Amino acid sequence: MTKTDVRSSAAPIRANTEHDQQDSSGTGSSNGFAALGVDPRIAEALSALGYEEPTPVQRASIPPLLAGRDVLAQAATGTGKTAAFSLPLLTRIGAGYKAANGAPSVLILVPTRELAMQVAEAVHRYGKPLGLHALAVYGGASMELQIRALKRGVDVVIATPGRALDHIKRNTLKLGTLQAVVLDEADEMLDMGFADELEAILDATPESKQTCLFSATLPPRIAGIARKYLRDPEHVTVEREVLAEGAVARVRQVAYVVSRAHKMPALARVLDIEQPTSAIVFCRTRTEVDELSETLSARGLRAESLHGGLSQDQRDRVMQKFRAKKVDLLIATDVAARGLDVKHVSHVVNFDVPADAETYVHRIGRTGRAGREGVAITLAEPREHRLLRNIERQTSQKIDIAQVPTVADLRAHRQELVKMTLREAIIEGGLESFRGIVEALAGEFDVMDVAAAAVKLVAARDGGEDEIPAVTAREPRERFDRGESRGGESRGESRGDSRGGERFSREGSSDRRPPRAEGGAGASRGKKPRRETGWTAATLWIGAGRKLKMRPGDLVGAIANEAGLDSEHIGAIQIADNFSTVDVPEAMADEVITALKNTKIKGLRVQVRRDRTK
């Protein structure tokens, strides 16, 4: 295995999207890509699009892929990886590897439908000069329309694993002509429970194919897939450049400690103080997104929702308004916001503390671009102090802890805004028509009192504000920090073993255990939890199990895509013959139940409720 190490120019806190990464590459010529061997027509189109100089991962990946080598690349989102694998593969198709019968030549597997659409859009732009066609295939869209598009003929298919496997089983996605397969964000696909689907798809592809695997991390399961399916791959590692000592980060990071009951008014107050020109507010669930958007809109802010429950037309309209600056706040889930290409974001707000540093970095990397200073704001509950400290350690960046502005702070800020507005009005002029009112009142009152009364009337429209109680961050109790329940059992453990279930880890492996003896409350006591969560769990009962071929990946995919939860908020899964159970955070349980009731799992409407054995 040949290994190539390259260093990205992105700082640890700047995980930009690929389009921004390339847009900001500086001035140059299309020869940067042409010199690597990319088809001159594609290179010319890239220059017209503003993509002038290759990023490090592109420089390292394009030559071996053009030579037909397999590639194993460790690169995070924002390093330009979509172009790194698509440009050489499109060049090879254009050079005579295109299938004559309209069957696909390249299959790109991605974890989410949002990323599928983003990659398909990029591939379409890159391949247009060669007359190549791309198609995004994902769940939640019309199967019939996708089948018709595949029958018409397509060169590149970008698909989520579940829907790709559905088409393969229907024989509507033919793999016999494939020249290359790409696994994009492979670690996330495994986190979402798609391991079985990936292996089934790869087993069905020609052995002679070229394989490319991109992943932000290389855990043992990814390494195993690479050993099984990649042949003598070129190993590319993109390291993020560490900021020089004393260097100033482009993103100011601050966390406000506030109780959950006061998070909404706290957010509104922080936004009043910060006055963002354009901001993205991240929430965990689509229900929370809608509620927050409605509340902020009622306060006079221009807010729009973006989550998986919207149709593609609705999403496009929201993003068009946001890019045109007709919307001040975009309230979004991580899944829906994936792949957003917006350059003018001044603020990113975490309405909840992200469960892992990678999510935090990916979120805040959407601000502070193109040399601008950005602001990353996190609303943290007192018990989330540990999560903040973990993020600080892993990103090597300081997050300032602040108290929510008081009513006095807000009043002083608003008065300062009034003063600035009045100053601008005086400089602008055109006050002659108002002088008569001032002169008339000046004969009766002091002119200073007249001016003060005018300022009072302007400021009075803001109304009263309630004080938000000040709280301080605190470390959680050690027992609950480990994810344990008050009864001493781990929330990460399966509790219903006596029901004949099978407990699964997040990677989908099973752990069969003997039934717990009656009255043996301590049967699982002392066992180390399979997965630490750090949150209080609620167990959901789902009316489908092994007899309906329910698998952990089916549940993880449904919860992640429909309820908007990331993998860190999906706990232990148990599959029994006629039902399944899954642990989710207590605070999100009702939203997950509602989302699953309104969708199909494996094509079935299933009953979902809280586990009554709890």
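Coordinate-derived values only; no laboratory data. Predicted model only: the values in this text are computed from it and were never measured. Backbone-built Cβ (ideal geometry, glycine too); neighbour counts: all protein chains shown.
5 Å is the cut-off here: which amide hydrogens, built 1.01 Å from N in the peptide plane, fall below it relative to Val257, excluding neighbours closer than 5 in sequence?
The list, which skips near neighbours in sequence, is Ala380, Ala402, Val404.
Among Leu213, Leu310, what is the fewest-to-most ranking by other Cβ atoms within 10 Å?
Leu310, Leu213
Using 0.36 nm per residue, how much length does the chain from Thr536 to Asn390 gain when fully extended, once their Cα-Cα distance is taken away?
Taking 0.36 nm per residue and subtracting the Cα distance, the gain is 50.7 nm.
Net charge near Pro63: determine it from the other residues with C-beta under 10 Å of the C-beta of Pro63, scoring Lys and Arg +1 and Asp and Glu -1.
+1
Grab the Cα-Cα distance for Lys398 and Ala268, subtract it from 0.36 nm times how many residues apart they are, and report the gain in nm with one decimal.
44.4 nm
Rounded to the nearest 0.05, what FRET efficiency do Lys597 and Phe434 give with R0 = 60 Å and r taken as the Cβ-Cβ distance? Could you check?
0.50
Please arrange Glu291, Glu373, Glu432, Glu114 by how many other C-beta atoms lie within 10 Å of their C-beta, fewest to most.
With the fewest neighbours first, Glu291, Glu373, Glu432, Glu114 line up as Glu432, Glu373, Glu291, Glu114.
How large is ³J(HN,Hα), in whole Hz, for each residue of the range 251-265 in order, when computed from phi with the Karplus curve 6.51 cos²θ - 1.76 cosθ + 1.60 and θ = phi - 60°, using x for Gly and Pro?
Karplus-based 3J(HN,Hα) across the range 251-265 equals 10, 7, 10, 9, 10, 9, 8, 8, 5, 4, 5, 10, 5, 5, x Hz.
Starting at the first residue of the range 415-425, write each ³J(HN,Hα) from the Karplus equation 6.51 cos²θ - 1.76 cosθ + 1.60 with θ = phi - 60°, in whole Hz, x for Gly and Pro.
Listing the rounded values in order: 5, 5, 5, 4, 4, 5, 5, 5, 4, 5, 5 Hz.
So, counting K/R as plus one and D/E as minus one, what does the shell of residues with Cβ under 13 Å around His167 add up to?
Value of the local net charge: +3.
Please order His307, His385, His362 by the number of other Cβ within 10 Å, starting at the fewest.
His385, His362, His307
Quote the FRET efficiency, to the nearest 0.05, computed for Arg221 versus Ala298 with a Förster distance R0 of 60 Å and r equal to the Cβ-Cβ distance.
0.85
Please tell me which of these pairs span more than 32 angstrom C-alpha to C-alpha: Lys228/Lys398; Lys128/Lys228; Lys81/Lys597; Lys81/Lys398?
Lys228/Lys398; Lys128/Lys228; Lys81/Lys597
Which pairs, out of Lys174/Lys600; Lys169/Lys602; Lys419/Lys456, put more than 20 Å between their alpha-carbon atoms?
From Lys174/Lys600; Lys169/Lys602; Lys419/Lys456, over 20 Å: Lys174/Lys600.
Using the beta-carbon distance between Ala454 and Glu291 and R0 = 41 Å, what value does 1/(1 + (r/R0)^6) give for FRET efficiency, to the nearest 0.05?
After rounding, the FRET efficiency stands at 0.60.
Using amide H atoms built 1.01 Å from N in the peptide plane, name the residues 5+ places from Ile158, or on other chains, whose amide H lies under 5 Å from its own.
Under 5 Å from the amide H of Ile158 lie the amide H atoms of Ile108, Leu135, Ala136, Val137, each far enough along the sequence or on another chain.
What is the sum of charges around Ile601, taking Lys and Arg as +1, Asp and Glu as -1, for the other residues whose C-beta is under 12 Å from the C-beta of Ile601?
+4
Once the piece of chain linking Met143 and Ala324 is laid out straight, how much longer is it, given 0.36 nm per residue of separation minus the C-alpha distance between them?
61.9 nm
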